[in-house]
Each structure stands twice: as structure tokens, then as C-alpha cells.
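> Below are the C-alpha cells for one structure; questions will follow.
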Amino acid sequence: YNTGEYVAFLGRICSVKGMDTVLEIARRSKYKIKIAGQGDPTPWQHPNIEYLGPLKGKERSDFLRNARCAIMPTVFTEPFGGSGVEAMLCGTPLIAVDYGAFTETVIDGLTGFRCKTLNDWLTAIDNVEQLDRKVVADIARSRYSLESCAEKYDKVFTTINDLYRKGWYSCDDTRELFHSTVHS
């Protein structure tokens, strides 16, 4: 696993995705920030920010895999944060806000860092080499690989089907009513 020398931002280029924070980080960090995605980067131009445009396929995974870290400084409550999970699947630590989906997807100090202040962001970017990129990838794959997600979806859909057919009281056929057998 390779630790790159740039900070990656992959997402829509707009203020709700945290571009104002990206700009503040760029003003203070020694690391180049490369941003990729749809949108107009003009309001956030800075000598320390390089705009790559939208990426797809292998160039997307190469961009994430070769980054020092990925950042998601969103200012709204993300329901999942897919590009951050993509980064972690590549072994790249994710630095994100400390709310929304990231309280579940980022294990602070293990798969990345969760931040509240600008100083948190800058410190996290400086300290990502403390994180083991193989561990980041292994944890992400155990949680978000196709195989792992298939098992979880199967369980959810089976539960929904059982609820539809048998209702809330549905149990495995091997379970007996304990109290009814004791009291009869």
C-alpha cells in the first residue's frame, strides 16, 4: 500500500460538499489537494488546489489509491458517503466530518479520522501515515465488499418477506413457545 503526497477530494464541486473547508485546508497545508468531480471549481481556486474534472473507472480508483488520504468535509448530513467508502476500499484513509454516515463508516484513528475543527483537519492530514492502509482496506472490504453487502441484503429481504408472511411474531420453526409449554 502506497502513501501518496496529495490529498484527494472526490465528489460534487459545490459548497454543500465542503469546498469552503477544502479551500481553508489548501491555504494552510503543505500537501497539494487534488479535487475531482462535477461542478465549477472557480470559486475555490487556489495555487494548492488542482482540479482534475470528473473521473471514472480505473482512473477513479487510481486517484483514490494513490492519495495520502481522502477528505469529505461535507456540511450536510451524508446518508452514506460512497466516495469515502471507495477510498477506504482502496486502502486510503478517509478524513471526514464527525456526523452523519461517517460516525459509522469511519473508525476514528483506525480507518481515518473524524474532524470538528480546521485544526482537526490539518492534524489528521499530517498524521495519516500512522494508519495502516492494509487495515483500512481490510475493514472496508469486510463491511462493504459485494459479498459482505450481499449477505446483509439477503438478511434484510428475508426478514421483510417473513414479516409480510408471518408478521412480527415470526420465529425460526425450531423455537417453541416457552411459557405456553411450561404453563399447560
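The values are calculated or read from the model by the stated rules, or taken from the named source; none is laboratory data. Just so it is clear, the structure is predicted and the values come from calculations on it, not from any experiment. Methodologically, a virtual Cβ is constructed for each residue, glycine included, from the backbone with ideal geometry; neighbour enumeration extends over all protein chains shown. Only protein heavy atoms, including side chains, enter the accessible area calculation; ligands, DNA and RNA are left aside. Shrake-Rupley method; radii C 1.70, N 1.55, O 1.52, S 1.80 Å.
> Provide a single number: the residues in segment 110-129 that are closer than 23 Å to Glu24 by Cβ and either among the aromatic types (Phe, Trp, Tyr) or open to solvent by 40 Å² or more (accessible area, probe 1.4 Å) (or both).
Here is the first cut: in segment 110-129, the ones closer than 23 Å to Glu24 by Cβ are 112-129.
Those still in the list that are either among the aromatic types (Phe, Trp, Tyr) or open to solvent by 40 Å² or more (accessible area, probe 1.4 Å) (or both) too: 113-114, 116-121, 123, 126-127, 129.
Residues that pass the stated criteria total 12.
> When you go through Lys34, Lys17, Lys30 one by one, which is the residue that is basic (Lys, Arg), at pLDDT 95 or above, touching a Ser or Thr at 6+ places or on another chain (Cβ under 8 Å) and over 21 Å from Asp138 (Cα atoms)? Spell out how you get there, then give the answer.
On the way: Lys34 fails: touching a Ser or Thr at 6+ places or on another chain (Cβ under 8 Å); Lys30 fails: touching a Ser or Thr at 6+ places or on another chain (Cβ under 8 Å).
Going through Lys34, Lys17, Lys30 in turn, just one is basic (Lys, Arg), at pLDDT 95 or above, touching a Ser or Thr at 6+ places or on another chain (Cβ under 8 Å) and over 21 Å from Asp138 (Cα atoms): Lys17.
> Check Pro47, Pro43 and return the single one that is part of a loop (DSSP other than H, G, I, E, B), open to solvent by 70 Å² or more (accessible area, probe 1.4 Å) and of a type outside the set (A, V, I, L, M). Even if it seems obvious, please write down each step before you answer.
Details: Pro43 fails: part of a loop (DSSP other than H, G, I, E, B).
Step by step, each of Pro47, Pro43 is checked, and only Pro47 is part of a loop (DSSP other than H, G, I, E, B), open to solvent by 70 Å² or more (accessible area, probe 1.4 Å) and of a type outside the set (A, V, I, L, M).
> While we're here: I'm trying to understand the selection: among the residues of segment 50-95, which are open to solvent by 40 Å² or more (accessible area, probe 1.4 Å) and of a type in the set (A, V, I, L, M)?
Filtering segment 50-95 for residues open to solvent by 40 Å² or more (accessible area, probe 1.4 Å) gives 50-52, 54, 56-60, 62, 65-66, 75-77, 79-80, 86, 89.
If the condition is that a residue be open to solvent by 40 Å² or more (accessible area, probe 1.4 Å) and of a type in the set (A, V, I, L, M), then Leu52, Val75, Leu89 are the ones that fit.
> Mind listing whichever residues of segment 112-128 are of a type in the set (Phe, Trp, Tyr) and in a helix (DSSP H, G or I)? So that I can check it myself, show each step before the final result.
As a first pass, look at segment 112-128 and keep what is of a type in the set (Phe, Trp, Tyr): 113, 121.
Once the filter is applied, which keeps residues that are of a type in the set (Phe, Trp, Tyr) and in a helix (DSSP H, G or I), segment 112-128 yields only Trp121.
> Follow-up question, since we're still on this one. Checking Asp98 against (1) under 20 Å from Val135 (Cα atoms); (2) open to solvent by less than 50 Å² (accessible area, probe 1.4 Å): exactly one of these is not met. Which one?
The number of the failed condition is (1).
> Suppose we filter Gly109, Gly57 for residues that are modelled with pLDDT under 95 and farther than 15 Å from Tyr6 by Cα; which single one remains? Please lay out each step first, then the result.
Details: Gly109 fails: modelled with pLDDT under 95.
Residue meeting the stated conditions: Gly57.
> Follow-up. Please find, among Leu52, Leu10, the residue that is within 22 Å of Cys90 (Cβ to Cβ) and touching a residue at least 24 places away in the same chain (Cβ under 8 Å). Before you say what the answer is, go through the steps one by one.
Working: Leu52 fails: touching a residue at least 24 places away in the same chain (Cβ under 8 Å).
Just a single option satisfies the conditions, and that option is Leu10.
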